[in-house]
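Peer 1: Here you go, one structure.
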Amino acid sequence: MKNYVITIDGGTTNTRCILWNNENKKMAEERRGVGVRNTAIDGNNQKLKAALKECLENLLAAEHLGYDQVYRIIASGMITSDVGLVEIPHLIAPAGLEELARAVVPVKIEEICPLPIYFIPGIKNAIADISLDNYEAMDIMRGEEVESVAVIDRYFSGKPMLLVLPGSHNKFVSINDKGKIEGCLTSISGEILASITNNTILAKSVGREYVEEKSYDRKWLLAGYQNARKTGLGRACFSGRILNLFAETDTKKIANYILGASLQGDIEAIQNSDAIKIYENMDIIVCGKNPLRQALIDILKFEGVGGKIRSFVSEEENEAAALGAYLVALKSNII
């Protein structure tokens with residue numbers, strides 16, 4: 001009897017597969033440090049195919065199962081892009097659970113497994129004929145749409161929401177009063193922070209380390225945030241070196257300061273960008289792990305953005321992306 005479902009979350013740098021039983025309980029997980037980044041570098045997706053094949057086979061072997069006991073395999077994320085496995089066109093916002101469910105595409109890739117893989121498309125903002133006059137309103141997502149579905153399922157109450165999905169690329173997703181994704185905004189503040197921390201003159205000042213949950217310091221975070229708002233990111237960062245040389249030798253405090261500075265542009269973006277809609281007193285749900293989640297919450301509260309601000313913390317067995325993909329599959333009646 002086919003009692004199992006596998007979800008695939010294929011990202012830029014990692015690929016993760018989760019095995020679920022028919023009670024929506026996580027049974028096992030496999031992940032590899034291979035993603036679409038490898039395809040972009042190599043010019044082909046052979047490493048991605050090999051990593052996924054290995055993940056799937058090891059996942060089943062760990063539970064002493066065969067493909068004859070798997071009902072469906074469902075994939076989402078950058079794996080559906082032009083540098084993934086199969087390019088699936090973006091849906092155009094507004095779109096939500098129903099639209100995603102209708103757009104799922106099954107593709108059989110014999111090199112990977114004997115079963116078809118059901119690919120969930122990404123979503124893009126509804127901007128046509130992009131030019132210098134309107135490009136700033138355009139944005140895209142692949143993978144965050146299923147994360148958003150999971151958060152919407154838990155928190156939607158009939159009013160607009162803003163979802164904050166932190167990562168190397170911070171994603172801000174606006175949800176309308178019908179529970180559909182109406183737009184998203186992306187920043188690369190995570191990559192900027194990584195570069196500042198490891199590859200600039202600030203590396204010594206922050207000890208080449210990121211802020212950890214136990215070293216999080218709201219005071220120093222907001223100091224960096226406020227200075228970046230006043231003088232810009234470049235000057236604020238160099239001021240972190242000034243602080244370390246003449247006022248504060250604790251590199252963990254300087255790291256908090258630099259984290260705050262690197263996030264300032266994100267808040268300015270959501271307040272001023274044409275890519276998403278911000279409604280007065282809209283609920284804000286902040287996802288991700290601490291300390292980044294708490295840093296964003298503290299900055300949003302400091303600026304008075306939105307209304308009620310809440311945290312979305314995934315249970316270990318129900319990570320948002322996998323749970324969202326499962327919900328899409330249920331809605332599409334493929335499981």
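Peer 1: So is Ser131 more than 21 Å from Leu221 (Cα to Cα), at pLDDT 95 or above, open to solvent by 40 Å² or more (accessible area, probe 1.4 Å) and among the hydroxyl-bearing types (Ser, Thr, Tyr) or not?
Peer 2: yes
Peer 1: Now a separate question. Which of (1) open to solvent by 60 Å² or more (accessible area, probe 1.4 Å); (2) outside any strand (DSSP E or B) does Pro106 not meet, given it meets every other one?
Peer 2: All conditions pass for Pro106, except number (2).
Peer 1: Failed condition for Ala95, given (1) at pLDDT below 95; (2) open to solvent by less than 10 Å² (accessible area, probe 1.4 Å), with all others met?
Peer 2: Failing condition for Ala95: (1).
Peer 1: Name the single residue that is most open to solvent (accessible area, probe 1.4 Å) among those in the range 32-74 being under 17 Å from Ile117 (Cα atoms) and among the charged types (D, E, K, R).
Peer 2: Looking at the filtered set, the residue picked out is Asp68.
Peer 1: Something else about it: Is it the case that Ala194 is of a type outside the set (Phe, Trp, Tyr), part of a helix (DSSP H, G or I), under 17 Å from the mean Cα position of the chain (by Cα) and surrounded by fewer than 21 Cβ atoms within 10 Å (Cβ to Cβ)? Can you show your working first?
Peer 2: Working: of a type outside the set (Phe, Trp, Tyr): yes; part of a helix (DSSP H, G or I): yes; under 17 Å from the mean Cα position of the chain (by Cα): yes; surrounded by fewer than 21 Cβ atoms within 10 Å (Cβ to Cβ): yes.
Considered against the rule, which asks whether it is of a type outside the set (Phe, Trp, Tyr), part of a helix (DSSP H, G or I), under 17 Å from the mean Cα position of the chain (by Cα) and surrounded by fewer than 21 Cβ atoms within 10 Å (Cβ to Cβ), Ala194 comes out as yes.
Peer 1: When Asp82 is evaluated against the numbered criteria (1) open to solvent by 60 Å² or more (accessible area, probe 1.4 Å); (2) in contact (Cβ under 8 Å) with a residue 12 or more places away in the chain; (3) in a loop (DSSP other than H, G, I, E, B), which criterion, by number, is the only one it fails?
Peer 2: Answer for Asp82: the failing condition is (2).
Peer 1: Can you tell me which residues in the range 290-313 are over 19 Å from Trp220 (Cα atoms), touching a residue at least 60 places away in the same chain (Cβ under 8 Å) and open to solvent by 20 Å² or more (accessible area, probe 1.4 Å)? Walk me through it before giving the result.
Peer 2: Taking the range 290-313 and keeping what is over 19 Å from Trp220 (Cα atoms), we get 305-313.
Narrowing the set further to residues that are touching a residue at least 60 places away in the same chain (Cβ under 8 Å) leaves 306, 310, 312.
Within the range 290-313, Gly306, Arg310 meet the criteria.
Peer 1: Would you check which residues across the range 205-218 are touching a residue at least 12 places away in the same chain (Cβ under 8 Å) and either assigned to a loop (DSSP other than H, G, I, E, B) or more than 22 Å from the chain's Cα centre (by Cα) (or both) and list them? Please lay out each step first, then the result.
Peer 2: Filtering the range 205-218 for residues touching a residue at least 12 places away in the same chain (Cβ under 8 Å) gives 205-207, 209-213, 215-218.
Across the range 205-218, the qualifying residues are Ser205, Val206, Gly207, Glu209, Tyr210, Val211, Glu212, Ser215, Tyr216, Asp217, Arg218.
Peer 1: One residue is enough: does the range 287-306 have a residue meeting the conditions modelled with pLDDT of 95 or more and of a type in the set (Val, Ile, Thr)?
Peer 2: Yes, the conditions are met somewhere in the range 287-306.
Peer 1: For Glu57, state whether it is within 23 Å of Pro106 (Cα to Cα), over 20 Å from the mean Cα position of the chain (by Cα) and of a type in the set (Asp, Glu). If you could, list the steps in order and put the result at the bottom.
Peer 2: Working: within 23 Å of Pro106 (Cα to Cα): yes; over 20 Å from the mean Cα position of the chain (by Cα): yes; of a type in the set (Asp, Glu): yes.
Yes.
Peer 1: Of the residues Ser187, Ser215, which is surrounded by 15 or more Cβ atoms within 10 Å (Cβ to Cβ), small (Gly, Ala, Ser) and touching a strand residue (DSSP E or B) at 6+ places or on another chain (Cβ under 6 Å)?
Peer 2: Selected residue: Ser187, the only one of Ser187, Ser215 that is surrounded by 15 or more Cβ atoms within 10 Å (Cβ to Cβ), small (Gly, Ala, Ser) and touching a strand residue (DSSP E or B) at 6+ places or on another chain (Cβ under 6 Å).
Peer 1: Consider Val173 carefully, then state whether it is touching a Phe, Trp or Tyr at 6+ places or on another chain (Cβ under 7 Å), surrounded by 18 or more Cβ atoms within 10 Å (Cβ to Cβ) and modelled with pLDDT of 95 or more.
Peer 2: Values: touching a Phe, Trp or Tyr at 6+ places or on another chain (Cβ under 7 Å): no; surrounded by 18 or more Cβ atoms within 10 Å (Cβ to Cβ): yes; modelled with pLDDT of 95 or more: yes.
So Val173 does not fit the description; no.
Peer 1: So Leu245 passes all but one of these: (1) farther than 14 Å from Trp220 by Cβ; (2) open to solvent by less than 10 Å² (accessible area, probe 1.4 Å); (3) modelled with pLDDT of 95 or more. Which condition number does it fail?
Peer 2: Among (1) farther than 14 Å from Trp220 by Cβ; (2) open to solvent by less than 10 Å² (accessible area, probe 1.4 Å); (3) modelled with pLDDT of 95 or more, Leu245 violates only (2).
Peer 1: Have a look at Ser262, Ser273, Ser239 and point out the one that is of a type in the set (Ser, Thr, Tyr) and more than 25 Å from Ser215 (Cα to Cα).
Peer 2: Matching residue, one of Ser262, Ser273, Ser239: Ser273.
Peer 1: Within the range 185-200, does at least one residue satisfy the condition of being touching a Lys or Arg at 6+ places or on another chain (Cβ under 7 Å) and among the aliphatic types (A, V, I, L, M)?
Peer 2: no
Peer 1: Being part of a strand (DSSP E or B), farther than 26 Å from Thr13 by Cβ and more than 20 Å from the chain's Cα centre (by Cα) narrows it down to one residue among Tyr118, Tyr71; which is it?
Peer 2: Tyr71
Peer 1: Something else now. From the set of residues in the range 249-288 that are in a loop (DSSP other than H, G, I, E, B) and without any contact (Cβ under 8 Å) to a residue 60 or more places away in the chain, which is least open to solvent (accessible area, probe 1.4 Å)?
Peer 2: First pass over the range 249-288, keeping only residues in a loop (DSSP other than H, G, I, E, B): 249-250, 273-282, 287-288.
Subsequent filtering for residues that are without any contact (Cβ under 8 Å) to a residue 60 or more places away in the chain retains 249-250, 280-281.
On the way: Thr249: 118, Asp250: 58, Glu280: 167, Asn281: 93 Å².
Checked the range 249-288; the qualifying residue least open to solvent (accessible area, probe 1.4 Å) is Asp250.
Peer 1: Can you say whether Asn281 is among the polar types (S, T, N, Q) and under 18 Å from the mean Cα position of the chain (by Cα), as far as the supplied structure shows?
Peer 2: Working: among the polar types (S, T, N, Q): yes; under 18 Å from the mean Cα position of the chain (by Cα): no.
No, not satisfied.
The values are calculated or read from the model by the stated rules, or taken from the named source; none is laboratory data. What you are looking at is a predicted structure, and each value in this text was computed from that prediction instead of being measured. In this analysis, Cβ positions are derived from the backbone assuming ideal geometry, glycine residues included, and neighbour counts consider all displayed protein chains. These accessible areas exclude ligands, DNA and RNA; they are computed on the full protein's heavy atoms, side chains included. Shrake-Rupley method; radii C 1.70, N 1.55, O 1.52, S 1.80 Å.
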